[in-house]
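The values are calculated or read from the model by the stated rules, or taken from the named source; none is laboratory data. Here the structure is a predicted model, which means the values were calculated and not measured. Note that each Cβ is placed from the backbone with ideal geometry, even for glycine, and that neighbours are counted across all protein chains shown. Note: accessible area is taken over every heavy atom of the protein model, side chains too, but ligands, DNA and RNA are not part of it. Shrake-Rupley method; radii C 1.70, N 1.55, O 1.52, S 1.80 Å.
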Amino acid sequence: MKAGDVVSDRYVVQSHFASGGMQDVYLATDKLLNTNVALKTPQAGQADKRFARSAKFAARVNHHNVAKTLDYVEEGNQRFLIEEFVVGENLELKLSRFGALDPHLGARVLHHLAKGIAASHHAGVVHRDLKPSNVIAEDGVNLHELKITDFGIATLTEEVFDEAAKDGDLTRSTSGTIRGALPYMAPEMMFRKPGDHPDKPSDIWSLGAMMFRILSGEYPFGVYLDAAVNVKNKTRAAWPAFMTSNSQYKPLSLELQAVVEQCLNYDPASRPTADQIVKLCGELCYINVERHVGTIDHFIQNGYSGFATGDSGTVFFSMESAYGPRRPDAGRNGKIVYSKFPGTPRDRGHPIVVVD
Amino acid sequence: MGEIIECTDIHLERQVIIKRLQPGVEQRRIVDEQKALAALRSKHVVQLFDIIELTDRGPKELGLVLEKINGKPITPGAYKADKASLAVLWQIACGLADIHARGIVHRDVKPGNILIDGEGVVKIIDFGLARSMGMDAKTHSVIGTPLFMAPELWQGGAISFDEKIDVYAFGVTALALVDTTPPTELIARPPLPVGGATLSKSFAGYPAPLINLLTSCFASDAAKRPKMSVVADAISRHLLKDQHRATVVLNGTPNFLNSKNRAIKLNAAGVGSLAIEYDGLDFRVTAVSGNVFLNNTSIVTGNVLPGCCVITFGVDRNRRFVTFDVSSPEVMP
């Protein structure tokens with residue numbers, strides 16, 4: 001499809017947005033309601049029946065942390081799924097800028113994702129391919145809106161997974177879909193036998209693996225075949241020291257690590273349910289104040305504190321507020337994200353996280 | 001308001017609602033408003049899927065295809081004035097604040113138009129569909145549901161109104177949740193000013209500042225009613241009562257202040273001292289001596305600590321620093 005193509009006399013294609021292993025995604029404008037939408041269409045060779053079924057699955061979920069299924073169109077021999085679109089970037093792209101999220105923003109991400117997963121599990125829909133690139137968020141450094149997309153993809157990928165399982169070892173599959181999912185894939189999914197149908201707990205493992213990556217910046221078990229070997233051998237990456245080296249962040253970091261550890265339990269039945277995670281998150285204390293971006297101007301007090309300026313003015317910060325693998329400086333690590341709190345003569349920035 | 005038809009979307013195999021719009025000059029306004037609402041994407045507004053032409057009754061009529069909410073309207077009298085009902089009021093206030101920010105007035109806020117879905121999320125339905133005549137915010141006839149109609153809507157002649165009619169209706173809705181017998185002043189046509197004491201009786205159980213705020217929603221003078229966003233913020237603050245946590249790092253060791261451990265005294269020998277107490281909503285300075293600064297601002301007893309701050313004891317070279325960070329759970333529907 002190309003820009004200007006019109007579907008159903010209503011959706012005008014703006015641009016190609018992404019291609020998954022199963023479908024192509026376009027950004028389109030809904031002429032009727034004047035909104036941006038995602039227009040998804042199966043790639044050649046995909047069975048139309050399965051695409052229709054995946055749309056119906058996705059349409060069952062109705063929650064603000066899940067991208068809404070808006071419409072389904074059959075036109076000629078083409079099939080289209082219309083989904084809510086958030087102008088912004090997915091979590092995978094956010095991570096490439098942030099490296100790792102600080103525990104306060106990380107707790108917020110966990111809370112919202114758990115809410116979305118809980119709602120879909122209530123509706124009897126399992127995602128089976130949760131990964132950062134399937135979470136969409138608006139532009140910028142705030143993650144006000146987080147929406148899980150591609151619910152229903154399991155219906156499309158089912159056959160691929162079944163085929164691979166039949167060959168005896170899913171982890172040897174050359175399918176891009178399987179390779180992309182491996183870093184976050186639950187063991188019972190990875191080493192499933194024909195006839196096995198991993199259920200809701202596999203989403204919880206994926207949530208845990210995803211949160212490990214979001215909080216630490218690292219894949220818990222590596223990528224591709226490494227992921228399979230490491231999951232099998234139970235060799236998970238260690239939590240990085242920066243999460244707990246600063247006393248201010250240590251308590252929340254430890255609380256988050258404990259939740260992630262529970263999600264990464266090898267026994268599916270021992271993992272918490274999405275509802276239980278939502279409850280745990282409801283008790284987590286985190287700083288949920290608007291974030292700003294600034295550039296460090298200079299340091300004072302022998303480098304103990306400094307000033308940074310962004311679109312919202314200049315803030316003072318103390319190096320004790322610094323969090324993350326990169327230490328703020330006036331050079332390459334000069335771009336920082338922070339919340340603002342009243343102070344004299346400058347507001348105080350905190351937490352301080354270096355971003356690209 | 002138009003007729004409601006329950007339907008199945010045969011492509012996606014899900015239930016939807018089709019709302020038939022009554023023909024007339026209002027149709028254009030309603031359609032424009034519905035589009036604006038769709039663009040707003042508030043979690044408290046029902047999703048509009050499509051606008052279609054119906055011909056089943058002969059002449060062409062417009063129909064709105066809307067998401068069907070699996071939920072029930074909130075029931076008047078089914079609530080106590082407690083945290084659970086505050087959580088519902090908070091969501092309603094958030095939803096109304098979302099739409100007011102876009103300049104849209106609901107016009108018919110009442111319990112019957114507020115649903116709670118299976119996930120506990122409040123959905124406000126029937127936006128802008130209340131019958132009215134004339135253009136824009138000027139009308140010559142009754143709109144809305146009598147008990148929930150602000151005094152200004154009862155004036156004769158051309159009436160102008162704004163989002164403050166929703167604030168009034170929100171107040172009456174809050175009252176209806178906890179008390180099904182409205183005071184006689186509210187039943188009068190037009191409604192008469194209702195005394196704070198009368199409302200306080202029904203709202204007893206809510207924190208005093210919130211009772212005052214809810215009472216102000218009933219003000220006869222629309223300008224004196226609070227903005228919905230102010231109400232939402234105030235309620236969320238009270239929903240977090242006793243759930244905040246301050247992390248105080250002293251010599252590299254974190255100490256917590258919370259509902260279980262409400263007070264802390266910080267001493268910097270020979271330079272100054274500071275006592276802080278948590279009252280369930282704020283962390284407040286209860287005693288201060290010597291040179292003590294919060295984020296470089298000098299302080300006096302009674303000051304509230306500003307979220308996250310560095311406490312500095314002393315001046316110049318003898319300075320000592322303590323970090324003090326306030327966090328809390330996130331209030332979520």
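Just a few scattered comments:
- Exposure ranking of A:Thr235, A:Thr177, A:Thr244, B:Thr184 by accessible area [1.4 Å probe, largest first]: B:Thr184, A:Thr235, A:Thr244, A:Thr177
- Buried between B and A is an accessible area of approximately 4100 Å², summed over both sides with a 1.4 Å probe.
- Low-density loop positions, trypsin sites (Lys or Arg not before Pro), the range A:267-356 - DSSP coil, at most 13 other Cβ in 10 Å: A:Arg332
- Taking every residue in B:43-51 and counting other chain Cβ atoms within 10 Å of its Cβ, the average works out to 3.
- Options A:Val135, A:Thr273, A:Thr155, ranked by Cα towards positive dipole end of the range A:89-282, top entry (Cβ charges): A:Thr273
- Three-way shape label, chain A, alpha-carbon gyration tensor, a/c 1.5: oblate
- Taking a point 7 Å from the Cα of B:Asp233 along the Cα-to-Cβ direction, the residues of the range B:307-333 with backbone N closer than 20 Å to it are B:307-309, B:326-333.
- Annotation: extensible slack from B:Ser259 through B:Asp221 equals 9.7 nm (criterion: 0.36 nm per residue apart, minus Cα-Cα distance).
- Accessible heavy-atom area order of A:Ser339, A:Ser173, B:Ser220, highest first, probe of 1.4 Å: B:Ser220, A:Ser173, A:Ser339
- Accessible area (Å², 1.4 Å probe, nearest 10) - B:Asp117: 20
- Antiparallel bridges, percent of DSSP beta bridges restricted to the protein assembly as shown (to nearest 5): 95
- Per-residue average of Cβ from other chains inside 10 Å of A:119-130: 1
- Separation of the alpha carbons by more than 30 angstrom is noted, of A:Lys49/A:Lys279; A:Lys31/B:Lys224; A:Lys131/B:Lys227; A:Lys147/B:Lys123; A:Lys56/B:Lys35, for A:Lys49/A:Lys279; A:Lys31/B:Lys224; A:Lys131/B:Lys227.
- Residue order for A:Leu70, B:Leu192 - accessible surface, 1.4 angstrom probe, largest first: B:Leu192, A:Leu70
- Expressed in Å, the radius of gyration and Dmax of the Cα atoms of the protein assembly as shown are 27.5, 90.
- In a reduced charge model with +1 at each Lys and Arg Cβ and -1 at each Asp and Glu Cβ, the range A:235-356 shows a dipole moment near 220 debye about its Cα centre.
- Stretch gain in nm, segment B:Ala287-B:Leu147, where the contour uses 0.36 nm per residue and the Cα spacing is subtracted: 45.4 nm
- Summing Cβ point charges (Lys, Arg +1; Asp, Glu -1) relative to the Cα centre of the range A:4-132 gives a dipole of roughly 480 debye.
- Solvent accessible area, Å² - B:His11, 1.4 Å probe, full protein context: 80
- Paramagnetic label reach from B:Asp56 (point 7 Å along Cα→Cβ; backbone nitrogen cut-off under 13 Å): within the range B:21-45, residues B:21.
- This model, with +1 at the C-beta of Lys and Arg and -1 at the C-beta of Asp and Glu, gives chain B a dipole about its Cα centre of some 860 debye.
- In plain terms, the chain from A:Asp24 to A:Lys279 could stretch by 88.2 nm, reckoned as 0.36 nm per residue minus the Cα-Cα distance.
- Distance between the C-alpha centres of the range A:286-356 and the range B:187-230: 43 Å, rounded to the whole angstrom.
- With a 10 Å cut-off around each Cβ of A:68-77, the average count of Cβ atoms from other chains is 3.
- When the surface is traced with a 1.4 Å probe over the full set of protein chains, B:Glu67 keeps roughly 10 Å² accessible.
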